[in-house]
Amino acid sequence: MAPPRTLFDKIWENHVVAPQQGEGTTYLIYIDLHLIHEVTTPQAFEGLKLAGRKVRRPDATMAVADHNVPTSDRSRGIDDPESRLQVDTLERYVKEFGVPYFAVDSISQGIVHIIGPEQGLSQPGMTIVCGDSHTATHGAMGALAFGIGTSEVEHVLATQTLIQAPAKNMLIEVNGGLGAGVSPKDVILAIIGKIGTAGGTGHVFEYAGNTFRDMSMEGRMTVCNMSIEAGARAGLVAPDEKTIAYVMGRPYSPKGAAWEQAVAYWRTLPSDPDAKYNKQGRPLEARGDAALARIHGAGAEYAARRRAGGARVHRLVHQQPHRGSARRRGDRQGPARGRWRAGAGRARLGPGQASGRGRGPRPGLPRSRVRVAGARLLELHVDERRQGDERRADRLNLEPQFRRPPGQERQDPPHGPGNGRRRCRHRPPRRRAPAGLTEVGGRR
C-alpha cells in the first residue's frame, strides 16, 4: 500500500522525468505551462537563436507584456525608449518562434500572474513557471507554480523541463471567519508576522482550514502570491468544487470528454488524511474582530491594527490580484459603493489589471483618503495618529500621474510643488502624513 502523500508530493511525483545523475537530490521535472513576459524572456530567446534551437512546446507557452505597459492611453504607444525596446523585442521573438502572445492592445492582456487563471490556462495539478517570483499566485488553483531565472527560462523554452530539488512540505492551517474589513491579505500578513520572512525557506506552503476554503479564488490568489514573502518556494491550496467551478468554461479550459477526465484527476489531488509534513505548526484561529498586519513601505515598517466597528481601518489597495470582473460579480469589501467616481485629480491605478478590464482603484475609495507609500496605495481613516515634523514625509516629489494639472489662473498645481516659485498663499491647513507616506490631493 502506497504511503499517504501531500498535495505537493502528488504533483511532484507526477512530473518527475528522471533523477539527475551525480547531482544528489535534484530531478528533471516536466513543466506543463510556461508564462513569459518582456523583462526576463528576450535574453533567453537570444540564447536559443545563437544555439540554433527552437521552442520545444510553443503550445505550452504563453507570452504577455505587462511590466512596461502604459497605464494611460495605449494607442499612443510607449514613450520610454527602454520599455518600448523590451516590448518590441518580445513581440519580434514570439513571431519568430511561433509562441502565442496576448498583445498590448488585446482585451486578454493583463498581469502575467492573472491571465493564467482568467483564461483557464492555469489548472489544478499543473507545474507552472515564469520568470517572476510571484508566480506562486497560481498555487490558488492547486498548481505547483514558482519563479525561475533567465537561464532557466531558456532551459524550459528549449526542453520544456527544469532541474529542481524537491521542496519540503509545510502545512499552514487557519480556521475561523474573517470579520468586517479583514481581507485575505491580512491573513497572510499575520502568518508572515508569526513565522518570519524566512520561516518558509526551502518549503512549499499548503494552506488548509476553513478560512481558506471559504475564501474566493481571488482571495486564495492573494495568499499564494505572498507566500514568497515568507521565504517559501510556492504556496498551494487544494482544489475543491469552488476551484472546478472557477475553471469551467474559460477559453483555455478542457472541453467535452477532456473536461470530465480532468475533473476526475483534480479530485484525487488533495492531501491524504495521514500525510506527513516536514513542518506543521499549531492551527491558527482567524478572530473575526481584529487582524494585525505589518506593512513594509518606504524603508519603514508601518504596523496597522484593524478593529471591529471600523475605528481604524488600513487597507492595501494596490497589487491585489482580485480586480476587474470579480468586482463586477459583487466580491467587494470595504466602504459602500458609489462613494468613488472617476474624475480629474483623482489618484488611480492603471488599466490592464484583469484582462484589460480593471480600471483604477476599487469602487468606494474616496480621493481624500488615498496616499502613496513607495509603490503601494493605502486607504487610511482620518482619525489615524500622525507623527511629528522630525519624521515628516517629503511631499514635494509627487509623481506626475498623481498631480492635478495647473489651473488657468495660476501657474502652479493647487497644493503642489511650485517649481522654484512661491507656494499658493491660500493653501488650506491639513494633517501631516506619517513617515514614508505621501498625501495625494483632496481636502480633509
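The values are calculated or read from the model by the stated rules, or taken from the named source; none is laboratory data. What you see is a predicted model, and the numbers here were worked out from it, not measured in a lab. Every residue, glycine as well, gets a Cβ built from its backbone with ideal geometry; the counts of neighbours run over all protein chains shown. Remember, those area values only see protein heavy atoms, side chains included, never the ligands or the DNA or RNA. Shrake-Rupley method; radii C 1.70, N 1.55, O 1.52, S 1.80 Å.
Observations, loosely collected:
- Per-bin percent of Cα-Cα distances, region 1-133 [5 Å]: 2, 9, 17, 18, 17, 14, 10, 6, 4, 2, 1, 0, 0
- What the phi angles of region 118-131 give under the Karplus curve with 6.51, -1.76 and 1.60, with θ = phi - 60°, is a coupling list of 4, 8, x, 6, 7, 9, x, x, 7, 9, 10, 10, 7, x Hz, glycine and proline written as x.
- Label-point separation in nm, M1 to E96, each point 7 Å along Cα→Cβ: 5.7
- Gain upon complete extension [I163, S72; 0.36 nm per residue less C-alpha separation]: 28.7 nm
- Protein-only accessible surface order, largest first, of Y101, Y207 at 1.4 Å: Y101, Y207
- Based on Cα contacts under 8 Å between residues 6+ apart, region 21-93 shows a relative contact order of 40 percent.
- Apportionment of accessible area to carbon and sulfur, region 155-258, percent (1.4 Å): 58
- Electrostatic tally near A65: other residues with Cβ closer than 14 Å to its Cβ, Lys and Arg +1, Asp and Glu -1, net -4.
- Other residues within the sphere of radius under 11 Å centred on the Cβ of F212, judged by their own Cβ, net out at -1 (K and R +1, D and E -1).
- The stretch between A103 and R267 holds 55.6 nm of extra length on full extension. This uses 0.36 nm per residue minus the Cα-Cα distance.
- Stretchable slack from E285 to R53, in nm (0.36 nm times residue separation minus alpha-carbon distance): 78.3 nm
- The tail of the calculated P(r) for region 52-193 beyond 18 Å holds 66 percent of all Cα-Cα pairs.
- Pair Q20, E46: separation of 7 Å Cα→Cβ label points (nm): 2.5
- Note on T201/D80: beta-carbon distance plugged into 1/(1 + (r/R0)^6) with R0 of 35 Å gives a FRET efficiency of 0.45.
- Interchain or long-range residues, amide H under 5 Å from K168's placed H: H203, V204
- Residues with amide H under 5 Å from that of G131, placed H, sequence gap 5 or more: H37, I148
- Whole-Hz couplings from phi, Karplus 6.51/-1.76/1.60, listed for region 79-85; x for Gly and Pro: 6, 5, x, 5, 5, 5, 5
- Of K10/K168; K49/K95; K10/K255; K54/K95, pairs whose Cα-Cα distance is over 21 Å: K10/K255
- Global form of region 123-198, assessed from the alpha-carbon gyration tensor, a/c cut-off 1.5: prolate
- Taking all Cα pairs closer than 8 Å and separated by 6 or more residues, the relative contact order of region 51-110 comes to 50 percent.
- Only protein heavy atoms count here; under a 1.4 Å probe, V17 has an accessible surface of about 80 Å².
- Residues whose amide H comes within less than 5 Å of that of H67, counting only those at least five positions distant or on another chain, are E38 (H built at 1.01 Å from N in the peptide plane).
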